[in-house]
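To start, the structure itself, in structure tokens.
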Amino acid sequence: MSAGQSFEFVEGATGDLAFVAHGETPGEAFAAAGEAFLAATVEEPATVERREQRSVEFDEPDLDLLLLRFLNELVYLRDAEDLLLHPEHVEVAAGPVLMAVLAGERIDRARHALAADVKAATAHGLSVEKTEHGWTATATLDV
Amino acid sequence: MTKAPSLEQVRPGLYELAPGARKGMRVPVRVFATEKLLGEMDEKVFEQAANVATLPGIVGASFAMPDAHWGYGFPIGGVAAMDPAEGVISPGGIGFDINCGMRLVRTDLTWPEVKPRLQELLAGLASRVPAGVGGSGFVRIGRDEFRAVLLRGARWAVEAGYGEPEDLRFTESGGCFDGADPDCVSKRAIERGHRQLGTLGSGNHYLEVQVLHDSGIFDAHLARAFGLDRPEQVVVMFHCGSRGFGHQVATDYLRDFLHAMPKKWGLPVIDRELACAPFSSREGRDYMAAMCCAANMSFANRQVILHRVREVFSRVFGRSAQDLGIRTVYDVAHNTAKLERHVVGGRERELLVHRKGATRAFPPGHPELPRDYQATGQPVIIGGSMETGSYVLAGVETGAVSYYSTAHGSGRAMSRTRARKSTSADEVRRRMEQHGILVHAASDRGLSEEAGFAYKDVDEVAEATEIAGLSRRVAHLVPVANVKG
């Protein structure tokens, strides 16, 4: 993650994992949210090497739903292709439309200490907001 | 009633929030709980149950079971019945893990026989039933064959050699929901799920070896009828669902409904996770057909897992599964919507009953029960935390007040984040071993998040269902080995 990006897991729905991600731009906040998903999935995200790339692009009626779709795309790629992915570059343009480059590798149980099998990102408490210091993306992962 | 001042006690075990408590409520909220459990429920339960009470076509009341806790859209432990003509179907009333459910399996083995082999048994179960993130099961089938799974559920599994025909008799709906249509399922759902048959998943999913001590028997007659019929009997219980396939079905339709609600049907979006569609609409019927596919995948998953359990026990004890008396007591779904017939206002009518984190609990004599359970009522399985044990109960006639629904587990009392900050996996492991419970966890983080103190008191939950007249206690089962997802 770049210097302006961060995330933390916070108290949320009792069964699940909620997080708040921060970035200087909407794209950076989305990228930090993607890193939060990776941190929910694997104990040490640094063990996920950048061996393969995927690009995704889609639009939604608003930023909240764009975040929801982005996170659910990461869930899908984990199950359908066994891929653990770092968001390398995420751009959110007017529309809103998201264009992201993701880099990572297939799950290797010998090297990756796996944690939560996230079922889905949910719309519960979902928000993407501009703040004094940049942008925050809040979401809850159903585990 | 510290958290819900407008909740009135109706009778022991039942509290009510009147329809005027929140704008738009069409029916009251009814919460089944003891005073202790009510006081421990987070405020969101009442807010979410009140939101459910606003849904078009809801009949009778919006219910919360004694183990209710904060969910998405509906509370977990939420039950609502809709008029099929006027009402809606909501993925948030079913959950992402469609037909997440429990299976209880009895054996002829006793604790003194199993204890010396427990470590070997646990290792065998952990290696033969994959748990944790993603994961592929041992069942290798192509996408076309997977469609047959979606249509036939546990019947497919038994026909493929993964079980006995009598397993189907002891599975809710015979292990197959009618009305499944794979054409209503996205390619993405099939891509996520077709390799996952035979896997547990993670979160609160588990496979447990348990013991029924004499002190755990509440009703010896019913226990015997359920096959719980010998001192220090060893049983197996597991909890899992439709895996990535069902999660993707829920994700797909939630998104579609959110887009269509205001534009197409003029329905307000109170809570995005309460997205819904008129049940009579094409979209509503398509979701029902897709949901049935996911329910069937889940029945097949638990049937295939039972096959592996039989293999492991057979290998460890050097006897056939049949000789070991390994038989399904019951397999019951938690997260579904079903068309059922219930009496409302003295008249029998068809209703679409949503149960999210709630167990169907049919009474004695119900036509959908197998002949073996006609006199007893349906077995109900309430899974507790991995440190505290679980319950077997039975459906009762007075359960009509909740459309024959009861609790499904002990219900979380603490968030995963807080549980993880409160203890370590090593501490949990050490504490469990001190209590004589061996554990094999797919993830250390998952183990600490599932610590016993993160859950409500399962004894209180089981008792609350009895006080409220939803189900009656039959037996308490004590864990001795746990494969944690």
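Every number in this text was worked out from the coordinates using simple rules, so none of it is lab data. In this text the structure is predicted, and so the values were computed from the model without any measurement. Glycine gets a Cβ as well: all are built from the backbone with ideal geometry, and neighbour counts include every protein chain shown.
Details
- Computed FRET value (nearest 0.05) for B:ARG431 with B:ARG224, which takes r as the C-beta separation and R₀ as 22 Å: 0.05
- For chain B, adding -39500 (n - 2.57) for each run of n ≥ 4 DSSP H residues and dividing by the number of residues yields -9500 deg cm²/dmol at 222 nm.
- Folded to 0 to 90 degrees: helix A:63-81 orientation relative to chain A principal axis, Cα: 10
- Tilt relative to chain B, helix B:458-467 - C-alpha long axis, 0 to 90 degrees, to 10: 50
- Spread over its residues, the convex hull of the C-alpha atoms of the stretch B:336-466 is 139 Å³ per residue.
- Between amide H atoms placed 1.01 Å from N, distances below 5 Å from B:ALA275 occur with B:GLY92, all of them 5 or more places distant or on a separate chain.
- Per residue Cα convex hull volume in Å³ - calculated over the stretch B:170-283: 183
- Label sites at B:ARG371 and A:ALA113, each approximated as a point 7 angstrom past Cα along Cα to Cβ, lie 5.6 nm apart.
- Simple spin-label estimate for A:GLU91 and A:GLU43 gives 3.9 nm between the two label positions (7 Å along the Cα-to-Cβ direction from each Cα).
- Acute angle (nearest 10 degrees) that the helix B:118-128 long axis makes with the longest principal axis of chain B, alpha-carbon atoms: 60
- The residues A:ASP117, B:ASP167, when put in order of fewest to most other Cβ atoms within 10 Å, stand as B:ASP167, A:ASP117.
- Loop-located trypsin sites (Lys or Arg not before Pro) across the stretch B:305-371 with a Cβ neighbour count of 16 or fewer within 10 Å are B:ARG319, with loop assigned by DSSP.
- Average projected area [Cα convex hull, the protein assembly as shown], square nanometres: 25.8
- For the stretch A:2-66, GluC sites (Glu not before Pro) meeting the loop criterion (DSSP other than H, G, I, E, B) and having at most 16 other Cβ atoms within 10 Å: A:GLU11, A:GLU24, A:GLU43, A:GLU49.
- Rg/Rg_globular for chain A, with Rg_globular taken as 2.2 N^0.38 Å and Rg from C-alpha atoms: 0.95
- Rg and Dmax of the stretch B:54-176, Cα atoms only, in Å: 19.6, 59
- Value of D in µm² per second that Stokes-Einstein yields for the stretch B:140-223, Kirkwood Rh from Cα pairs, at 37 °C (0.692 mPa s): 210
- With semi-axes defined as the square roots of five times the eigenvalues of the C-alpha gyration tensor, the equivalent ellipsoid of chain B measures 33, 26, 22 Å, largest first.
- For A:LEU17, the amide hydrogen comes within under 5 Å of the amide hydrogens of A:LEU141, A:VAL143, counting only partners 5 or more places away or on other chains and with H modelled in the peptide plane.
- Between the beta carbons of B:VAL10 and B:ARG341, assuming R0 = 30 Å, the FRET efficiency works out to 0.75 to the nearest 0.05.
- The stretch B:72-120 has equivalent-ellipsoid semi-axes of 42, 13, 8 Å, by the square roots of 5 times the alpha carbon gyration tensor eigenvalues, sorted largest first.
- Net length available on complete extension from B:ARG143 to B:GLU166 is 5.5 nm, with 0.36 nm assigned per residue and the Cα-Cα distance removed.
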